[in-house]
Every structure is written in structure tokens, then in C-alpha cells.
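**Q** This structure is in C-alpha cells; I'll ask about it shortly.
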Amino acid sequence: MKADGFHLNSAPKLSNHWGPPLPTNNSNWSMIAFTVSFISGIAAFNFFPFFPASIIILCIAISVFLFKRHKDLKKISFIVLIFAFGFLYSFTRQEKVPEINLPEGEAVVEGDVIDVPEWSNNKLRFTIDQVFIDGKPFQGKVRLYIAQDEPVNKAFASYTLPAGEKVRAAAKLRGPNVLHNPGVYSHDLKEDGIIAVGFISRIQGVGKNTGLTAWINRKRQLLGDIIDNSLSHENSALHKAIIPGLTGNINQEIRDAFSVTGLAHILSISGTHFGLLAFIIFKLIKTLTTYLPEKALTRMTLYITPAQISILVTLPLLVLYVLLSGMSAPAVRSFIMIFIYMLALFLGRRDQWLNSLAIAAFIILMYQPKTLFDLSFQLSFIAVLSIGYAAEKKSEDGRQNTESRTMGRARVHLSTDGGICTFLTDKVKTVILMTIAAVAGTAPLVALVFKQFPLISPLSNLVITPLVCFVILPLGFFSAFFALIFQMSSMPLGGLTDVLSRFALTLVKTFSQVPHSNFHIPNPSIVMIVLYFLSLISIINPSVSPLDKGGIKRGWRLLPLALVICIYLITPHFKGKEFKVTFLDVGQGDSSVVQLPDGKTMLIDGGTQEPDTGRSVIAPYLWSKGIRSIDYLVATHLHPDHYGGLIYIMDNFKVGEIWLNSMRTNEAENFFRKMLEKKIPYRVLARGDALEAKGYRIYALHPYKEFFADSARGQFSNQNSGSLVLKLVSDNASILFTADIETEAEENLLHLGKWLKSDIIKAPHHGGNTSSSEKFLKAVNPQTAVMSVGKHNQYNHPHKETLERYGHAGAMIYRTDVNGAVTMTSRDNAGGLPYKIRTYWDNEFRKVSAWRDEISNLRLLLFCL
């Protein structure tokens, strides 16, 4: 006996004893309306402080429209009530991050390790909960690190910190650092409940936690050890990511390769893994049931179908998978989605995939309403919605084209008419369609967060995703769990798994190196996103498109989408060419983007390499503005907090030329190797060098060839004082970039007199007290000072006495640790300053206290975000 397969539009037929057929359309759309109303209530609550009048007006308008258009007042009233419930429920579930005062110096931290400690970027990383700091209870989790080169690691030479351990450690704690730059996504650890982070100097185990979570994490750690023993390092990192959810060992090269090929979803346990694993287990169990004796099978199907048996076996295995994957939020969400869908199959409601999706969303948001604004939640549901709709449209087209085709059942007839080729072609088309649907649906979010569009994604997903999810994942999953259950030190079939994994990773790297495989794109505005989705609707639902009327050809439906994309791509090139400088928030480092009046771009310094702010801040910011090339790349001096991020920039941007000072340090050899590898021309600037162009002038004021600081503070200070000092002058404003010069260089610069006077100064050496002397500030006489500093930095920059000197000089002070990125835009002097200053927070919504605030928020929403 054969039963229908595990497909979107197919499921087992139920016996009569299950009762009358369940309602479909009405209940389906009721659930969708229910969930949409609930989501709208959550969204309205979260945006109400910023758009109170707009939300009230919109709610009234929609309510009036619904009551007038629909005669069923009970349903409309129910929708309104659910909206109100979502609004009020969000109010009751809002969580406020507690204000904390962390100890100034080193503190004794004690707590339970609640995850699997992992080595990542030469640091052992783990999280503790049930925390005590200096013997006092602490509300929140703490993320702790052990640097590989710290003496404390001698205790870990042959020992890995066990999961579920109770530990006591000495560490200097600080709040999580979030970098604030316009158009750049930065994850806040506080969203994960982590209130403090710190590096450990001493640690000891003080006991073991015997709870369920600790037991699960110990099994996850053991599973990771089994995988490490069985596979090469790179292949092991892949399997540890997709089976027990341990991602720490994936190196940056692999992450980049998966990202640019549109395969990043493979590296985290997501709906793809759960869905395909469920499909494989379901098919396997259902096939095995067909080999039961015919008499037993016939008797069994009087009560339950093979498909239902398969579901009952599959779900417990998926529960085991979600437990041993660490029960991360994305994994739990994916499990809920698959569980609801399989429950619908079990009940014979296979055609209600949209209903299942709505129920899953409602359950997830009931547990935590703020999940609505979680990036992985949005990407998952939009991707599933896009794929489901595309599959449904394909199914409808298939039924219209051929009545003989049945969804969910594919019989392959080997004949001379090319049936096998037709079958395979159809499957390939389906995979491509699903990939295009997922990419098209999630494209605006990917553009906003990742600033890229992987053009090669349909091909890479067609080739690599089936290989990983249908072959490598099941092989690794069953082998690793077999070894875990039978207490083996390595995986059976480890050799085969290693070979296949290496082949898959080689394919990913090959695809990532295809020229133009990935396209970096600017941030879309909300207006552009709305137009994009409207144009998509005109393609997938032609009845709403004016182009479909009057017999216009089907291909013309693509015209609105093509037009929107063209406008989106060319818009950054038509923005006004003005003198604009953005002092980026790169933590304890320096980086400034200068957009010159002639359309050229200058990048002055690049922040740190660890963490790589070139990758995480500078490149995303440039891409968000539509900038793909840098005309002048300036390394003021070769200290790691200034040149570190420039290496990534040289790898990913076309650089016209590099400007350097005359000092070269051994620690910067990687910078020079990259410069030579990319064959980028360079200039060594000295006092007197100048560049003049229409609308601006650039002067090199320091150093000169014979300069030597001879500082009593040593060689590091000498290198600081040898920094390249540039003055940029436009028709309306002047800025002095002082890098890290200290008092010796400042005294030398005083001889330049009026050449130092500037409207804005980038405060030297992050506001340290060995710079910004009174005489120097008097000579510069700045109206505005910008200090590039990291929050909670170990040097306590900026120093109190430095701030006081700027205050006495009458300068308005901006700090990147407080104000985020600071942007100066030159403008015509109309009775005020000849330039405009905006901070990161000026580009964020502000709580409405006057009607002007809401207008400002609306302007940001529509055109700036």
C-alpha cells in the first residue's frame, strides 16, 4: 500500500473514523487574520512612542474601512479585539534592561556555565547565569573570555572547561559594547540577556550543575568532541555548526564564502535543516512501513496511515535534535514551524500551509512578542512565506496545464519520449523557483542588514544545498548520534563524511570566487521597499496589475520591478555632491569617511583588526551609501587601532592610492603585504604637501622628514607624534585631523600659526591627557571637537582634564562612545555655523513630546532609513 508523500500540497487521506472533513478556507483565513491582527498590535505598541498620532489615525481609518466593506460585524470586531490584545499583551511583556553599576577594578564572578564553552578567534568563550559578583547576586547573564595567550590558559592546556560547570573567576567586567553607525547593523548582547562581559585572569571550578540544561550541554560538548575526533578541522567546524549548533570554530574565510554565495543559512540550524531532516526521516519511516506484511499493514491502516506513523516517529527525533542543538531561538522557532506543519499533515489538513505558518508565528510571538523584530525571525518567515506562495502558484499552473499531474506523487517512466529528462528538468526548475522566491522575498532585509545581493545564489543553492542537506547533514547526523549513543570516540563512516564535506566546502569556495558572484548594494529607503513589494505583487498576482489589463503580454509585468531596481541602484549617484565627513564609531580606534565635493571619497584610518572594524563597520557603512571605491586611503600612522581595518578595505574596495607618514613598524607588515599584493600606489606625505581641487583643499601639516619626538614616554609615543596631520578646507568649513599626536608634535606644530586654525578638530589620541595642550587648542581655536573613543575602554579615554581643556576653549564636544558616529555636512552660512553636525542618535526615532518630533520621525522613516 502506498501513501501520499511529505509535500506542501499533499498528505495522507484520513479514514472515516476521524470524523467529517474539517473546514478549510474559512478557518484558514480566520487564523491568518487573527495572527496578522496580533502582529499588528505588537508592532503598533512598539512604534506608538514614535508615531502616536499616525498610528491612531491609521487604526481609525482601517477600522472604518473594514466595517464598511464587510457585513460580518462579529468577525471585524474580533479582528479589532485581537489587535487590541496584541497591543496590551506587548505592554505586559515588555522587559526593561536593569541599570547596573559594575565594579571599577577586577571582581570575583561566580555562576553556572549555561552553554558549551568554545574556542573562537583565539579566545575561549562561555556564558554564566545565576551570577554573583563579589558575593552579591547579579541580575542577568555574563559572557566571559579567556585569551589564548594569557597565563590562565596553562590550566586549560589539556583540559576544556566542561559544560554545566559551576565556576568562580576573577575578571574585569564592562557592559557589552555596541557600535552605533548609521546604516550599519550591530548586534547588542543585551538582547540575549547578557548584561556584562569580561576577560578572565583566574578561574576555578567549584562544582557541577545537575539540571537538564547542563546535561544537554554536556552531551553537546561530547558530540562536538566526537566530531572533532572524526573529521579534519574545517570539516569538523561545519558539522559542529549544523548538528550540535557549535559555530565557534568556523573561520572567517568560510563564513565569507557561504555569505557571498547566498548559503549563510546552512551554517546555522534553521528551518532548512529541520525541514529537510524531517522530510528524510519521514520518507525513511514511511518506506519501511510499506515492507510490513500485507495483512498487518491492511489491519493497521484501518486506524492509522503510514504517513501518520512516520509523523509520530519523526517528531520525537526532531525534539532530540532541537535539544542537542542548544535550543537556540532560531532552532526552537524552526522546530515550532515544522511541528505545526506536520501536525496539520497528521490531521489531514495538508493544503493549509499558510494556516500552519500563522499558528507557528502566533505561538512564537506569544512566548516573546519582541521576537517580531528579531532578524532571524523575519528572514525565516518571509522566506517560508515566499517559498510557500511560489509552490502554490506552481501547483495551480501545473493543474491548469496538465490534469494528469498529481502533486506529491512523481512516477518516473523510463521511455523513449524522454520522461526521465522531463522529470529531472521539472525538479531543477522547482528548486530554482524556490530559491528565487526566497531570495526575492528576503532581498530588502538582506540589503538593509548585509548590504549584498548574491547573484550566484540560485545556482549555488541548486548545487550545494541539496548536497549538504540531503547527503552530508543526514550522514553526519546519524553517524554522530550513533557514536554518542554507543559511547564511541569517533563517528562511523567518518572517512566518507570527511571526503563529502571537503568536496562541499571546495564547491562553496569555488562559487565564491566567481567574478561578480556577489553584488554590494546601498541601503533601500522604506519608500523603495514598499515600491519593491508592490512591483512583486504585480508579478505574482497579475489581477492587481494595470499592465495585465487590455491583453498586455505577460513579460511586461516585470517592467515595474525593473524600474524600481534601476531607480534604487542609481539613486546614490544622484545625491548632491557636498563636503561631508563622518567620524565613525569603531570603538577604541579611529576611522573617518570624507566625501569630497567632486564626488571622490577619502578614508582616514580604519580602526582595529581584532575585532575587524573594516569588516563590521567601515565596509557596511560605505556600501550603505553606495560607495564601492576609495580614491584616497590614509593611514595616519601604523598602530593597530588605526590601520587594522584597512586590510579588509583593500581586499573589498577599489583603492586609488594610499597616503602614509614616513614611519614603518614591524607590526604593520601585513598592511604592506596587502598593499603590494593589490598593487596600490602610495605616497609618503610630509609638511608642505597639498592637494587642491574644485571646492576643497587638503594640506599635510605634519610630520616633516627630520622630525623626531624623542618623548620621555618611549617609542610608542614617538610613533604617535609622528602621525600624519591633515587639514581639509572647503568653501564653508575646515577640519583638522590630528590622529594620535602628543605634546611633542603639538609644540612643533605651533610654529605654523594661523594654518592650525580650524572650525572642527578631530581630538588627538582619543582625548588622552598627553595631547590637546592649552596652547595647541588656543592656536586651533575649534568650535567643535570630535573624540573617537571606545565605550568602557581600558585607557579611560577621554581623560577628565582633557575634557576640561576643551570646555575652557569653548568647543562643543562630541564623543563616539556617547553620540555614536558624528557627521559634519558643509552648508552655506545662513546666520549660524557654516556646517551642520548630526550624531547617530539624530538618525534614530525620538520619543514624541511635540508634533514636530513625529514629523521628524516620519521623514526618517520614509526617506532616511
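**Q** From the list THR261, THR305, THR298, exactly one residue is out of contact with any helix residue (DSSP H, G or I) (no Cβ under 7 Å at 6 or more places or on another chain), buried (at least 21 other Cβ atoms within 10 Å of the Cβ) and not acidic (Asp, Glu). Which is it? Quick ask: steps written out before the conclusion?
**A** Values: THR261 fails: out of contact with any helix residue (DSSP H, G or I) (no Cβ under 7 Å at 6 or more places or on another chain); THR298 fails: buried (at least 21 other Cβ atoms within 10 Å of the Cβ).
Of THR261, THR305, THR298, the one residue that is out of contact with any helix residue (DSSP H, G or I) (no Cβ under 7 Å at 6 or more places or on another chain), buried (at least 21 other Cβ atoms within 10 Å of the Cβ) and not acidic (Asp, Glu) is THR305.
**Q** What are the residues in the range 658-689 that are farther than 27 Å from GLU742 by Cα, of a type outside the set (Lys, Arg) and not in a helix (DSSP H, G or I), if any? It would help to see each step written out before you state the result.
**A** Applying the first criterion (farther than 27 Å from GLU742 by Cα) to the range 658-689 yields 673-681.
Restricting the remaining residues to those that are of a type outside the set (Lys, Arg) gives 675-677, 680-681.
ILE680, PRO681 - these are the residues of the range 658-689 that are farther than 27 Å from GLU742 by Cα, of a type outside the set (Lys, Arg) and not in a helix (DSSP H, G or I).
Listed here are the residues, each with its yes/no results for (1) touching a Phe, Trp or Tyr at 6+ places or on another chain (Cβ under 9 Å); (2) part of a helix (DSSP H, G or I); (3) modelled with pLDDT of 90 or more.
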| position | (1), (2), (3) |
| --- | --- |
| LEU22 | no, no, no |
| PHE38 | yes, yes, yes |
| ILE55 | yes, yes, yes |
| LEU66 | no, yes, no |
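**Q** Scan the range 158-178 residue by residue and report those that are part of a loop (DSSP other than H, G, I, E, B) and open to solvent by 30 Å² or more (accessible area, probe 1.4 Å). Give the steps one after another, and end with the answer.
**A** Going through the range 158-178, the residues part of a loop (DSSP other than H, G, I, E, B) turn out to be 158-164, 175-178.
Residues satisfying the conditions are SER158, TYR159, THR160, ASN177.
**Q** Quick check on LEU638: is it modelled with pLDDT of 95 or more and either in contact with a Lys or Arg (Cβ under 8 Å, 6 or more places away or on another chain) or within 23 Å of LEU736 (Cβ to Cβ) (or both)?
**A** No, not satisfied.
Listed here are the residues, each with its yes/no results for (1) open to solvent by 80 Å² or more (accessible area, probe 1.4 Å); (2) among the β-branched types (Val, Ile, Thr); (3) within 17 Å of SER758 (Cα to Cα); (4) touching a Leu at 6+ places or on another chain (Cβ under 7 Å).
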residue: GLN794; (1), (2), (3), (4): yes, no, no, no
residue: HIS799; (1), (2), (3), (4): no, no, no, no
residue: THR802; (1), (2), (3), (4): no, yes, no, no
residue: MET812; (1), (2), (3), (4): yes, no, yes, no
residue: ASP817; (1), (2), (3), (4): no, no, no, no
residue: ALA821; (1), (2), (3), (4): no, no, no, yes
residue: ILE837; (1), (2), (3), (4): no, yes, yes, no
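**Q** Let me ask something else about it. Grab the helices (runs of 4 or more DSSP H) fully contained in the range 769-848, keeping just those with 1 or more residues being of a type in the set (Gly, Ala, Ser) and more than 24 Å from ALA196 (Cβ to Cβ).
**A** Working: elements: 774-780, 800-808, 816-819.
In the range 769-848, 774-780, 800-808 are the helices (runs of 4 or more DSSP H) which contain 1 or more residues that are of a type in the set (Gly, Ala, Ser) and more than 24 Å from ALA196 (Cβ to Cβ).
**Q** Continuing with the same structure: Here are ARG333, ARG349: which of them is charged (D, E, K, R) and open to solvent by 30 Å² or more (accessible area, probe 1.4 Å)? Outline the logic, then answer.
**A** Numbers: ARG333 fails: open to solvent by 30 Å² or more (accessible area, probe 1.4 Å).
Only one candidate passes the filter, namely ARG349.
**Q** Examine the range 261-273 for a residue that is at pLDDT 85 or above, in contact with a strand residue (DSSP E or B) (Cβ under 7 Å, 6 or more places away or on another chain) and farther than 24 Å from ASP225 by Cα, and state whether such a residue exists.
**A** yes
**Q** Please determine, by comparing only the residues of the range 657-692 that are surrounded by fewer than 17 Cβ atoms within 10 Å (Cβ to Cβ) and of a type in the set (Gly, Ala, Ser), which one is nearest to LEU724 (Cα to Cα).
**A** The selected residue is SER662.
**Q** Okay, moving on. Kindly check whether there is at least one residue in the range 211-222 that is under 30 Å from LEU102 (Cα atoms), open to solvent by 10 Å² or more (accessible area, probe 1.4 Å), in contact (Cβ under 8 Å) with a residue 12 or more places away in the chain and not in a helix (DSSP H, G or I).
**A** yes
**Q** Out of all the residues in the range 77-93, is one or more under 24 Å from GLY207 (Cβ atoms), outside any strand (DSSP E or B) and in contact (Cβ under 8 Å) with a residue 60 or more places away in the chain? Let's see the steps before the verdict.
**A** As a first pass, look at the range 77-93 and keep what is under 24 Å from GLY207 (Cβ atoms): none.
So far as the range 77-93 goes, no, none of its residues is under 24 Å from GLY207 (Cβ atoms), outside any strand (DSSP E or B) and in contact (Cβ under 8 Å) with a residue 60 or more places away in the chain.
**Q** Same structure again: If HIS766 meets every condition in (1) in contact (Cβ under 8 Å) with a residue 12 or more places away in the chain; (2) out of contact with any strand residue (DSSP E or B) (no Cβ under 6 Å at 6 or more places or on another chain); (3) assigned to a loop (DSSP other than H, G, I, E, B) apart from one, which number is that one?
**A** (3)
**Q** For the range 188-210, give me the residue count where each residue is touching a Lys or Arg at 6+ places or on another chain (Cβ under 6 Å) and open to solvent by 50 Å² or more (accessible area, probe 1.4 Å).
**A** The total comes to 2.
**Q** Name the single residue that is modelled with the highest pLDDT among those in the range 699-733 being surrounded by fewer than 20 Cβ atoms within 10 Å (Cβ to Cβ) and hydroxyl-bearing (Ser, Thr, Tyr).
**A** Filtering the range 699-733 for residues that are surrounded by fewer than 20 Cβ atoms within 10 Å (Cβ to Cβ) and hydroxyl-bearing (Ser, Thr, Tyr), the one modelled with the highest pLDDT comes out as TYR704.
The values are calculated or read from the model by the stated rules, or taken from the named source; none is laboratory data. In this text the structure is predicted, and so the values were computed from the model without any measurement. Here the Cβ is made from the backbone with ideal geometry for all residues, glycine too, and neighbour counts use every protein chain on show. Keep in mind that these areas ignore ligands, DNA and RNA; they rest on the heavy atoms of the full protein, side chains included. Shrake-Rupley method; radii C 1.70, N 1.55, O 1.52, S 1.80 Å.
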